[in-house]
Amino acid sequence: MAAAAKSVYVGMSGGVDSSVAAMLLQRQGYQVTGVYMKNWTKDLPGMICPWAEDLADAKRVAVSLGVELKVYDFERQYRQLVVDYMIREYQAGRTPNPDIVCNQEVKFKLFLEAALRDGAELIATGHYARVSGRRLLRAADEAKDQTYFMYRITNQALGRLLLPIGDLTKPQVRRLAVERQLATAGKKDSQGICFVGEVGIKQFLKPYVSSQSGWIIESSSGSRIGRHDGAIFYTLGQRRGLGVGGGLPYYVVGKDMDKNEVYVSRDLNDQALWRDRLELAGQHWIGGRAPDTDKLYLARLRHRAPLVPARLKRNGPSGRLSLELVEPQRAIAPGQSAVIYDDQVCLGGGVIV
């Protein structure tokens, strides 16, 4: 069947990126159906969940393009697979990335499976990334690249995935939306938790976790210098929100979940802040084959962090791979992911222990 006749279901979030993705695919001759994934509808203290507004915007764009818009309700699965995971990780003292799990479990699994059952041949999203064969490539717009969030994608999903805006910059996407007079052309980008909206993590977690005040301790002297409202809410390298001041800023250099203590230092060279070797749990390699050891790759250790040179090393009889950084890096938080690249190609990665 010619590509122009293929049916593609486009995940339309109500934002400008997915709106332009749907528009471009329609121009290319695909049979486009929009899909809004209803993953979270609960309001939080001081914040109205934007799902209804986002759905309305997706409908406006679908009407403008003359395409059908379906709604897939994944709220129960999202709570179990993404939110519960995030809560467990924070309770264990780690700093998870829920967007990575959302992509793995919802966008490129549940959405893919439901779309195929509905008769789609392909799916598409508004991610800034590119697909070449079964390879995931960094976006043309390096500042907007989202492959960090996509490194756990499967071969099956890659084989069915279109990423229409991966070769565009954000200004180009905006310009296309304005030219086509899409309702989302001027809509701000969401900066919040995947599908939850612009809400601080502390605000999001408080209804779901029990926390109590504890001591903030200066790491070098052992002195108690302040109180916090729960060690669960603090992450390595954090500077803001400590409530202790005067002089140079303090940074979180560690915490003890059992004692409910947060350790801080004013020393940016504190050894607790720097690491040059990382153990990776839950390793996932696109294509199923782990990269070569000892070869020099690039690694990204959190979203928007610069790419840094690194090598994969095999650990003794277990054969498990660890990551050795050419230069030590600061404030690497357990629970975040290390994603490995061979130039433009995203190879996969794992969760930092």
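Read-outs: derived from the displayed coordinates by stated rules, not from any lab. This structure is a prediction, so every number in the text was calculated from the model and none was measured. With ideal geometry, Cβ positions are generated from the backbone for all residues, glycine too; neighbour counts draw on all protein chains shown.
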Can you tell me which of 238-246, 14-22 comes out highest on packing, and rank the rest after it, using the mean Cβ neighbours within 10 Å? 14-22, 238-246
Among 55, 161, 248, which one shows the highest mean-square fluctuation when the chain is modelled as a Gaussian network with alpha-carbon springs under 10 Å? 248
With a cut-off of 8 Å between alpha carbons and a minimum separation of six or more residues, what is the relative contact order of segment 1-103 in percent? 25
Which lysines does residue 295 reach when only Cα atoms under 29 Å apart count, and residues fewer than 8 places away in its own chain are ignored? 144, 313
Ordered by residue, what ³J(HN,Hα) values in Hz, to whole numbers, does segment 324-335 give under the Karplus form 6.51 cos²θ - 1.76 cosθ + 1.60, where θ = phi - 60° and Gly and Pro are x? 9, 8, 4, 10, x, 10, 9, 6, 8, 8, x, x
Taking 30 Å as R0, compute the FRET efficiency from the Cβ-Cβ separation of residue 330 and residue 296 and round it to 0.05. 0.90
nm² value of the averaged projected area, convex hull over the Cα atoms of segment 1-115: 8.2
How large, in Å, is segment 53-164 by the Kirkwood hydrodynamic radius built from its alpha-carbon pairs? 15.6
Express in nm, to one decimal, how much length is gained between residue 344 and residue 268 on full extension, taking 0.36 nm for each residue of separation and deducting their alpha carbon distance. 24.2 nm
How high is the FRET efficiency from residue 314 to residue 240, r the C-beta distance, R0 51 Å, rounded to 0.05? 0.85
Which one, 100, 235, 214, projects farthest toward the positive side of the charge dipole computed for the chain from Cβ point charges (K/R +1, D/E -1)? 100
Starting from 0.36 nm per residue, how many nanometres of slack lie between residue 41 and residue 303 once their C-alpha separation is accounted for? 91.8 nm
Please state the relative contact order of the chain as a whole percent: Cα pairs under 8 Å, 6+ residues apart? 16
With an 8 Å cut-off on Cα pairs and a minimum separation of 6 or more residues, tell me the relative contact order of segment 182-334 in percent. 17
Each label point is 7 Å from the Cα along the Cα-to-Cβ direction; what then is the distance between the points at residue 225 and residue 190, in nm? 3.8
